[in-house]
Amino acid sequence: MTAPTPKPRMRLTEEQKTQALRLVKKMLAMGNYPSQIKTAIAAKYHLSRRSVERYMTRARREMEEFMDEDTRQHRADSYYFYLGIIENVESTQSERFRARVRLDKLLGIEIPSSFHQKNEFKLKPQEIQNMSDEEFEDAYKKAMK
């Protein structure tokens, strides 16, 4: 059996490279897994997964440079980015929901998913029963500080 003929090398135009890089950044920002990004970009642009890794590395580097700019400007850019996803008629319901969650977090209006009490009352039930009311009250106040 002979080896399969290698596929001809695919070269992207500068515009396609820019589009691929933007798409990688968007997918990274939306929290997609690297494997999902590699699969989607490789299929869309007929690239190898290794080539997509290079785009991901470049996208991460550019995103880090972007993060060095003024925080207020970055927050405003993020706001309009998520708003764009929400208002885009081509966005899926899942994309819109994720953008809304990120927007709520950005604006500081997210609702906590659970409440964890930090104070621990480390006395055993038998010790509590043997305490006087005053001793219990003192132990309770210490635990709540």
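Within segment 100-123, being at pLDDT 75 or above and either assigned to a loop (DSSP other than H, G, I, E, B) or of a type outside the set (A, V, I, L, M, F, W, C) (or both) holds for Arg100, Arg102, Asp104, Lys105, Gly108, Ile109. Within segment 60-102, the residues that satisfy the criterion of being under 17 Å from Lys25 (Cα atoms), of a type in the set (Ser, Thr, Tyr) and without any contact (Cβ under 8 Å) to a residue 12 or more places away in the chain are Tyr80, Ser91. Restricting the first member to segment 14-28 and to residues that are within 13 Å of Met63 (Cβ to Cβ) and in contact (Cβ under 8 Å) with a residue 12 or more places away in the chain, and the second to residues that are of a type in the set (Phe, Trp, Tyr) and surrounded by 15 or more Cβ atoms within 10 Å (Cβ to Cβ), the beta-carbon pairs closer than 8 Å and six or more apart or on different chains are Leu21/Tyr55; Val24/Tyr55. For segment 30-70, filtered to residues that are exposed (fewer than 13 other Cβ atoms within 10 Å of the Cβ), among the hydroxyl-bearing types (Ser, Thr, Tyr) and closer than 23 Å to Glu95 by Cβ, the residue that is nearest to the chain's Cα centre (by Cα) is Tyr33.
Does at least one position in segment 56-67 carry a residue that is over 29 Å from Lys105 (Cα atoms) and not small (Gly, Ala, Ser)?
No.
Among the residues of segment 76-91, write down those that are of a type in the set (Phe, Trp, Tyr) and under 14 Å from Lys105 (Cβ atoms). Explain how you work it out, then say what you get.
Going through segment 76-91, the residues of a type in the set (Phe, Trp, Tyr) turn out to be 79-82.
The answer is Tyr79, Phe81, Tyr82.
The values are calculated or read from the model by the stated rules, or taken from the named source; none is laboratory data. All of these numbers come straight from a predicted model, not from anything done at the bench. Glycine also receives a Cβ, built like all others from the backbone with ideal geometry; neighbour counts cover every protein chain displayed.
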